[in-house]
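**Q** Please find one structure pasted underneath; my questions will follow.
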Amino acid sequence: MDTITTAIIAALSKNAIKDSYNVLKAALKKKFGEKSDLVDAVDKLEKKPDSEGRKAMLQEEVEIAKVNDDPDIVKLAEELLKQLNSEESTTSKFKTEFQAEVKGAQVGDRNTQTNTFS
């Protein structure tokens, strides 16, 4: 699957990345028009993000419009994917469960902790 389609599909499943997604969508509207088949395909996918048919329709419209030939839009999609990948690795990296009272627990990377108990 191409970069543009992958970025849009991935972003629709992550609410925290909305700003970058909206920048990409605005760039598509500006270049191809708000009434274009491409933007229409994005809008339809937003309504049913799990639809394989709508994902395929978006990919087809991306190919027809040759969106991947536009370096600025590709860059926006790549940045969006980078954010998505970064968020994914951060949110799914640690799973901590405590079964008893805990004093001084710390979860994360590159942390420093000093505990003094009396």
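The values are calculated or read from the model by the stated rules, or taken from the named source; none is laboratory data. Since the model is a prediction, treat every value here as computed from it, not as a measurement. Counting neighbours? That spans all protein chains shown, and the Cβs are built from the backbone with ideal geometry, glycine included.
**Q** Given the residues D50, D43, D19, which is the only one that is in a helix (DSSP H, G or I), free of Cβ contacts under 8 Å to residues at least 60 places away in the same chain and more than 19 Å from A65 (Cβ to Cβ)?
**A** None of the others qualify; the one that does is D19.
**Q** In addition: Of everything in segment 62-80, what is under 18 Å from the mean Cα position of the chain (by Cα) and surrounded by fewer than 19 Cβ atoms within 10 Å (Cβ to Cβ)? Give them in sequence order.
**A** N68, D72, V74, K75, E78, E79
**Q** Could you please find all residues in segment 81-118 being surrounded by 13 or more Cβ atoms within 10 Å (Cβ to Cβ) and modelled with pLDDT of 70 or more?
**A** Across segment 81-118, the qualifying residues are L81, Q83, L84.
**Q** Surrounded by 14 or more Cβ atoms within 10 Å (Cβ to Cβ), of a type in the set (D, E) and in contact (Cβ under 8 Å) with a residue 40 or more places away in the chain, is that true of D2?
**A** yes
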